[in-house]
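The values are calculated or read from the model by the stated rules, or taken from the named source; none is laboratory data. These numbers come from a predicted model, not from an experiment. Using ideal geometry, Cβ is built from the backbone for each residue, glycine included, and neighbour counts are taken over all protein chains shown. Each accessible area value is taken on the protein alone, full model and side chains, heavy atoms only, with ligands, DNA and RNA left out. Shrake-Rupley method; radii C 1.70, N 1.55, O 1.52, S 1.80 Å.
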Amino acid sequence: MTDGDYDYLIKLLALGDSGVGKTTFLYRYTDNKFNPKFITTVGIDFREKRVVYDTQGADGSSGKAFKVHLQLWDTAGQERFRSLTTAFFRDAMGFLLMFDLTSQQSFLNVRNWMSQLQANAYCENPDIVLIGNKADLLDQREVNERQARELAEKYGIPYFETSAATGQNVEKSVETLLDLIMKRMEKCVEKTQVPDTVNGVNSGKVDGEKPAEKKCAC
Amino acid sequence: MAHEVDLESFKELERDIILRVLYRDQTVQSIEEERVRNLKTHLQHLRWKGAKSSSQEYKEKCCARCQQTLGLLLNRGAVCQGCSHRVCSECRVFLRKTHAWKCTVCFEDRNVKIKTGEWFFEERARKFPTAGRRETAGARLLQSYQRQSSKISVVPPTPPPLSESQCGGSPNRLQELGHFRGFNKSVENLFLSVTTQMRKLSKSQNDMTSEKHLLAMDPRQCMGHTERRSQSDTAVNVTSRKTSTPDILKAFHQEDPRHPPSPVLKQDTPPSSPTHSTVFSGGLRHGSLISVNSTCTEMGNFDNANVTGEIEFAIHYCVNSHSLEICIKTCKNLAYGEDKRRKCNPYVKTYLLPDRSSQGKRKTRVQKNTLDPTFEETLKYQVDPAQLATRRLQVSVWHLGTLARRVFLGEVILPLATWDFEGSAAQNARWYPLRAKAEKYEENIPQTNGELAVRAKLVLPVGPRMLQEAQEDQLALNGQLCLVVLGAKNLPVRSDGTLNSFVKGCLTLPDQQKLRVKSPVLKKQACPQWKHSFVFNGVSSSQLRQSTLELTVWDQAMFGMNDRLLGEAKLGSKGGAPGCTDSCSQSKLQWQKVLSSPNLWTDMTLILH
């Protein structure tokens, strides 16, 4: 894992209230194991994972495969570590905004976390995936799926109901966030290049080979 | 940047954990930097292939990338809009989604931007222009911490990583310089080139290499460009010269942030004392909310019969500052504060019994939604060593529900008389099982609110005639009781360890007549020494035998609030109730001595209740 044989380094960051399951979620994603014991995170931590990302062509055919090195930052949800964790928001390319489906308060605090993100992330509209964790605890559920989906649509972000205990939707949610980041990556680079239409027109001219385009060398 | 995080503000154990994470991140970043260097080197090699063709002067028309000769009619080549070079059809890369194309170097340049994360740093630089371009929060934190540590001279500085980053930076800048010469880029590249020139001036060795690159590239430009191209190059040079002036100003601005770091380091000392004063001011705030807190405390919900779990804390007594410190660490396996909703927002509250006033209350912050909370908070009391033996520490855990509703979750009561503060084992935290609210407390230890030292004398007139004295005594009551209130100690002090205390005296005569006196207020003293005389005129010894003297000690409140009763003591016939303790009987004997020995001072130490 410590070698540099990868094509992209992508940094993701998990945030949300204390106790919603950020650490267990990332542990399930990286090691595919579940730790039921709650050990509060001290300040900041990260895990790493190497994944293969397949680019999709416009016609749906499989494109080139890239090796992506994920650095998954885990933050402490407690208030006293807030100044430390928000400093790391700036380095993250995508965010996993998590709340606890068995805790109405953690769902209400999603708005506060969104404000923190808009203030501290690298741009005004970073890529975010909203995650309602502990979906396996059906008898203790407090947050309605319709409420959460409405909030996600309001912010224009995807929403997943996950369970770190069962692994439900864990990989799918991270892959969705990674896909959003890769698409944004290509868009950003295209903007800084020369406009496509100019090259396109030039390409048309080359195909035509019209004699009128001939120019004097001097 | 505005919120510079200080790792010193965390506990040592937490700081170690965070630093370990930062060092791991440093390893990841160094691997990434190595990879980025390799990518940029590879891109530079592609550009050099194009540069070689310019040296062959005899081939005027050839592909700028693969050096193949371009034909006159067929395969005449086309100009890439990205780099303005003429390339053959083999050196074009068509983009997937559109019909546009780029030459191989431009396409590779695009890929390098994606793979090195340049897209991300460009976006971030728009929002945070002052932040370091590729610098991470972890690296910045680590540098600031190591800088502070080097000031403390605990951890030595680490020059090798800095030198490595500088060595790594120079080739990148040179590559970008070549890149700039080859392409018409945006204004951002102009800044990059200006920065490169600034660094070039400061490094003499790199100047030779740069000049070689310039000399190598100039012939190609003369051969390959038309007259219009030359004019545009001249304009670019003019623009770069104009840009250099603001860059010098930027250099001055960059120097300014270097000065603030030293004041920041100087400010390391002041934050500690404000923190110290905050602890005391917090106590004062508690005092100002006496009635509200009392109401909330009394209305606490004790119906929760299911008390489970344990609490871990340590008790430490600082002899120098007379400070008792309770370090509340964690709890585990608590009961739910609200069973139906399975909610628990625990916090810990402590009292030094028998003082149950809000001024004696200390509590931690609320931890949300956890049965195993971590508090890591230290609660402090100002207590004299002599008074510790008479106190009991009550540590109780509560759940904060909606609308400030409180649910009792369990408590621990420790008598401090048997606590061994000297032993080193007492310094460590221990686990205590939480228990339900006890209905009756142990009353083995007498509850006392301090001691009051007084001196009393009964003054009677002495006449020459026995008969006349007897007659005058019956007719005119001209006796006098003098009581000097010397001082008090072990009073229940405020949270800041001080009192504004005074003494009231009330002498109740047999005919229910009350004589009241009051002492002046001594401000901000825990052990006040009033030395104030109370004089009760017109009394006789026969009357005093049937009278009651009541002395009360008060803490004066501020601005119209009610004074706080600290303790009281009674002397006289009514004070001798049956079943009284030894201290009461002792004071009764002393009072008898005052009455039976007129004109003689008697010292007494009264126990306040």
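Looking for something within 24 Å of residue B:128 (Cβ to Cβ), modelled with pLDDT of 75 or more and in a helix (DSSP H, G or I) - is there at least one such residue anywhere in the stretch B:40-59? Lay out the reasoning, then the answer.
Going residue by residue through the stretch B:40-59, those that are within 24 Å of residue B:128 (Cβ to Cβ) are B:40.
Then drop every residue that is not modelled with pLDDT of 75 or more, which leaves B:40.
From what is left, the residues that are in a helix (DSSP H, G or I) are B:40.
Checked the stretch B:40-59: at least one residue is within 24 Å of residue B:128 (Cβ to Cβ), modelled with pLDDT of 75 or more and in a helix (DSSP H, G or I).
I'd like the full set of residues that are surrounded by fewer than 19 Cβ atoms within 10 Å (Cβ to Cβ) and part of a loop (DSSP other than H, G, I, E, B), limited to the stretch B:373-396.
B:384, B:389
Return the pair list, or none, for Cβ contacts closer than 8 Å from residues in the stretch B:355-373 that are more than 12 Å from every other protein chain (Cβ to nearest Cβ) and farther than 12 Å from residue B:398 by Cα to residues that are hydrophobic (A, V, I, L, M, F, W, C) and surrounded by fewer than 20 Cβ atoms within 10 Å (Cβ to Cβ), at least 6 apart or on different chains.
B:357/B:290; B:358/B:289; B:358/B:290; B:359/B:290
Among the residues that make up the stretch A:5-23, is at least one of them open to solvent by 70 Å² or more (accessible area, probe 1.4 Å) and more than 14 Å from the chain's Cα centre (by Cα)?
Taking the stretch A:5-23 as the starting set, the residues that turn out to be open to solvent by 70 Å² or more (accessible area, probe 1.4 Å) are A:5.
Subsequent filtering for residues that are more than 14 Å from the chain's Cα centre (by Cα) retains A:5.
Taking every residue of the stretch A:5-23 in turn, at least one turns out to be open to solvent by 70 Å² or more (accessible area, probe 1.4 Å) and more than 14 Å from the chain's Cα centre (by Cα).
List the pairs whose first member sits in the stretch A:136-157 and is closer than 25 Å to residue B:339 by Cβ, whose second member is outside any helix (DSSP H, G or I) and open to solvent by 50 Å² or more (accessible area, probe 1.4 Å), and whose Cβ atoms are under 6 Å apart, counting only residues at least 6 apart or on separate chains?
Final answer for the pair search is A:136/A:166; A:140/B:342.
Could you figure out which of (1) away from chain B (no Cβ under 14 Å); (2) under 30 Å from residue A:5 (Cα atoms); (3) free of Cβ contacts under 8 Å to residues at least 24 places away in the same chain isn't true of residue A:164?
If we test residue A:164 against (1) away from chain B (no Cβ under 14 Å); (2) under 30 Å from residue A:5 (Cα atoms); (3) free of Cβ contacts under 8 Å to residues at least 24 places away in the same chain, just (3) comes out false.
Answer yes or no: is there a residue in the stretch B:117-132 that is surrounded by 16 or more Cβ atoms within 10 Å (Cβ to Cβ), more than 9 Å from chain A (Cβ to nearest Cβ) and basic (Lys, Arg).
no
Just one of the numbered conditions (1) surrounded by 16 or more Cβ atoms within 10 Å (Cβ to Cβ); (2) free of Cβ contacts under 8 Å to residues at least 24 places away in the same chain; (3) charged (D, E, K, R) is not true of residue A:183; which one?
Here residue A:183 clears every test but (1).
Check the stretch A:44-55 and report whether any residue there is acidic (Asp, Glu), more than 9 Å from chain B (Cβ to nearest Cβ) and either open to solvent by 20 Å² or more (accessible area, probe 1.4 Å) or in contact with a strand residue (DSSP E or B) (Cβ under 9 Å, 6 or more places away or on another chain) (or both). Show your work before the answer.
Of the stretch A:44-55, the ones acidic (Asp, Glu) are A:45, A:48, A:54.
Narrowing further to those that are more than 9 Å from chain B (Cβ to nearest Cβ): A:54.
Next, only the ones that are either open to solvent by 20 Å² or more (accessible area, probe 1.4 Å) or in contact with a strand residue (DSSP E or B) (Cβ under 9 Å, 6 or more places away or on another chain) (or both) stay: A:54.
Yes, there is a match, as at least one residue in the stretch A:44-55 is acidic (Asp, Glu), more than 9 Å from chain B (Cβ to nearest Cβ) and either open to solvent by 20 Å² or more (accessible area, probe 1.4 Å) or in contact with a strand residue (DSSP E or B) (Cβ under 9 Å, 6 or more places away or on another chain) (or both).
Taking the stretch A:117-161 only, how many residues are open to solvent by less than 70 Å² (accessible area, probe 1.4 Å), under 30 Å from residue A:188 (Cα atoms) and within 14 Å of chain B (Cβ to nearest Cβ)?
Qualifying residue count, the stretch A:117-161: 8.
Any residue in the stretch B:9-35 that's within 7 Å of chain A (Cβ to nearest Cβ) and over 15 Å from residue A:46 (Cα atoms): show its pairings with residues that are open to solvent by 70 Å² or more (accessible area, probe 1.4 Å) and of a type in the set (Ser, Thr, Tyr) at Cβ separation under 7 Å, as long as the two are six or more apart or on different chains.
Correct list of pairs: B:31/A:2.
Which of the numbered conditions does residue A:66 fail, given that it passes all the others? Conditions: (1) closer than 23 Å to residue B:121 by Cβ; (2) aromatic (Phe, Trp, Tyr); (3) facing another protein chain (nearest Cβ under 8 Å); (4) open to solvent by 10 Å² or more (accessible area, probe 1.4 Å).
Checking residue A:66 against (1) closer than 23 Å to residue B:121 by Cβ; (2) aromatic (Phe, Trp, Tyr); (3) facing another protein chain (nearest Cβ under 8 Å); (4) open to solvent by 10 Å² or more (accessible area, probe 1.4 Å), the one that fails is (3).
Within the stretch B:379-405, can you find the residues that are closer than 17 Å to residue B:349 by Cα and not hydrophobic (A, V, I, L, M, F, W, C)? Lay out the reasoning, then the answer.
Start the filter on the stretch B:379-405 by keeping residues that are closer than 17 Å to residue B:349 by Cα, which leaves B:379-382, B:391-401, B:404-405.
Correct list: B:380, B:381, B:382, B:391, B:392, B:394, B:396, B:399, B:401, B:405.
Would you tally the residues in the stretch B:88-105 being under 18 Å from residue B:44 (Cβ atoms) and either crowded, with 22+ Cβ neighbours inside 10 Å or over 57 Å from the mean Cα position of the chain (by Cα) (or both)?
Filtering the stretch B:88-105 for residues under 18 Å from residue B:44 (Cβ atoms) gives B:91, B:102-105.
Those still in the list that are either crowded, with 22+ Cβ neighbours inside 10 Å or over 57 Å from the mean Cα position of the chain (by Cα) (or both) too: B:91, B:102-103, B:105.
Count: 4.
Keeping to the stretch A:2-37, report how many residues are in a loop (DSSP other than H, G, I, E, B), more than 9 Å from chain B (Cβ to nearest Cβ) and on the phi > 0 side of the Ramachandran plot. Can you show your working first?
Within the stretch A:2-37, the subset in a loop (DSSP other than H, G, I, E, B) is A:2-7, A:17-21, A:32-37.
Keeping just the survivors that are more than 9 Å from chain B (Cβ to nearest Cβ) gives A:21, A:32-36.
Checking the rest, the ones that are also on the phi > 0 side of the Ramachandran plot come to A:21, A:32.
Going through the stretch A:2-37 one residue at a time, the tally reaches 2.
I need a count of the residues in the stretch A:91-137 that are small (Gly, Ala, Ser), in a helix (DSSP H, G or I) and closer than 21 Å to residue B:119 by Cα.
Taking the stretch A:91-137 as the starting set, the residues that turn out to be small (Gly, Ala, Ser) are A:92, A:94, A:103, A:106, A:115, A:119, A:121, A:132, A:135.
Checking the rest, the ones that are also in a helix (DSSP H, G or I) come to A:106, A:115, A:119.
Of the ones still in play, those that are also closer than 21 Å to residue B:119 by Cα are A:119.
The qualifying residues number 1.
When you scan the stretch B:492-522, how many residues do you find that are aliphatic (A, V, I, L, M) and buried (at least 19 other Cβ atoms within 10 Å of the Cβ)?
To start, the set of residues in the stretch B:492-522 that are aliphatic (A, V, I, L, M) comprises B:493, B:499, B:503, B:507, B:509, B:515, B:517, B:521-522.
If we keep only those that are buried (at least 19 other Cβ atoms within 10 Å of the Cβ) too, we end up with B:493, B:499, B:503, B:507, B:522.
Counting residues in the stretch B:492-522 that are aliphatic (A, V, I, L, M) and buried (at least 19 other Cβ atoms within 10 Å of the Cβ) gives 5.
I'm trying to understand the selection: among the residues of the stretch A:74-116, which are open to solvent by less than 40 Å² (accessible area, probe 1.4 Å) and away from every other protein chain (no Cβ under 12 Å)? It would help to see each step written out before you state the result.
Of all residues in the stretch A:74-116, those open to solvent by less than 40 Å² (accessible area, probe 1.4 Å) come to A:74-78, A:81, A:84-103, A:106-107, A:109-110, A:113-114.
A:95, A:96, A:97, A:98, A:101, A:110, A:113, A:114 - these are the residues of the stretch A:74-116 that are open to solvent by less than 40 Å² (accessible area, probe 1.4 Å) and away from every other protein chain (no Cβ under 12 Å).
So which residues in the stretch B:523-572 are open to solvent by less than 40 Å² (accessible area, probe 1.4 Å), over 18 Å from residue B:605 (Cα atoms), modelled with pLDDT of 80 or more and not charged (D, E, K, R)?
B:536, B:547
Considering (1) farther than 24 Å from residue B:306 by Cα; (2) open to solvent by less than 10 Å² (accessible area, probe 1.4 Å); (3) of a type outside the set (D, E, K, R); (4) touching a Ser or Thr at 6+ places or on another chain (Cβ under 9 Å), say which one residue B:324 fails and leave the rest.
Result: residue B:324 passes all but (4).
Going by what's in this entry, would residue B:107 be described as modelled with pLDDT under 85 and more than 30 Å from residue B:10 (Cα to Cα)? It would help to see each step written out before you state the result.
Working: modelled with pLDDT under 85: yes; more than 30 Å from residue B:10 (Cα to Cα): yes.
When the stated conditions are applied, residue B:107 passes them.
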